[in-house]
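Encoded as structure tokens, the structure appears first; notes follow it.
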Amino acid sequence: MAHGVCEMLWLKRILEELRTPMAMPMRLYCDNKAAISITHNLVQHDRTKHVEIDRYFIKEKIEVRMIAMPFVPTAIQVADILTKGLFKSNFESLVSKLGMIDIYAPT
């Protein structure tokens, strides 16, 4: 998530240089409720010590309302088509959202 936030900030700077208005807060969609709750809750847990700096960086950007992290269910997470094995119905739904076509389908 920290890398995603960095990329969003980079894009924001480029758009500012191009004098293109940008809606704030920028949205970083996430399908992991645990990751979202860790960024909102600064209580230290043993399992999150290795991401402490990233967590504070993301928390800071959330507090100044530069980014927002809405939850997106796994069923509609378009990136899953590239990273997971999906059932045929989910696969076909996500393929249609991406606007992909089957070039081998009969015409």
Filter region 1-26 down to the residues that are among the hydrophobic types (A, V, I, L, M, F, W, C) and either outside the structural domain of residue 53 (by TED's automatic domain parsing) or within 17 Å of residue 63 (Cα to Cα) (or both) and list them by number. 1, 2, 5, 6, 8, 9, 23, 24, 26
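Look at region 79-106 and say how many of its residues are more than 24 Å from residue 32 (Cα to Cα) and basic (Lys, Arg).
Residues of region 79-106 that are more than 24 Å from residue 32 (Cα to Cα), as a first pass: 99-106.
Filter again for basic (Lys, Arg), leaving none.
Looking only at that region, the number is 0.
Within region 61-100, can you find the residues that are small (Gly, Ala, Ser) and touching a Lys or Arg at 6+ places or on another chain (Cβ under 9 Å)?
We begin by selecting, within region 61-100, every residue small (Gly, Ala, Ser); these are 68, 75, 79, 85, 89, 93, 96, 99.
Selection gives 68 alone.
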Among helices (runs of 4 or more DSSP H) entirely inside region 5-107, those with 3 or more residues being surrounded by 11 or more Cβ atoms within 10 Å (Cβ to Cβ) and either among the small types (Gly, Ala, Ser) or modelled with pLDDT under 85 (or both) are 33-40, 52-63
So, first residue more than 21 Å from residue 72 (Cβ to Cβ) in region 88-104, second residue surrounded by 10 or more Cβ atoms within 10 Å (Cβ to Cβ), Cβ within less than 9 Å, six or more apart or across chains; the pairs are 101/95; 102/95
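The values are calculated or read from the model by the stated rules, or taken from the named source; none is laboratory data. Bear in mind the structure is a predicted one, so any value in this text is a computation, not a measurement. Cβ atoms come from the backbone with ideal geometry, glycine included; neighbour counts cover every protein chain shown.
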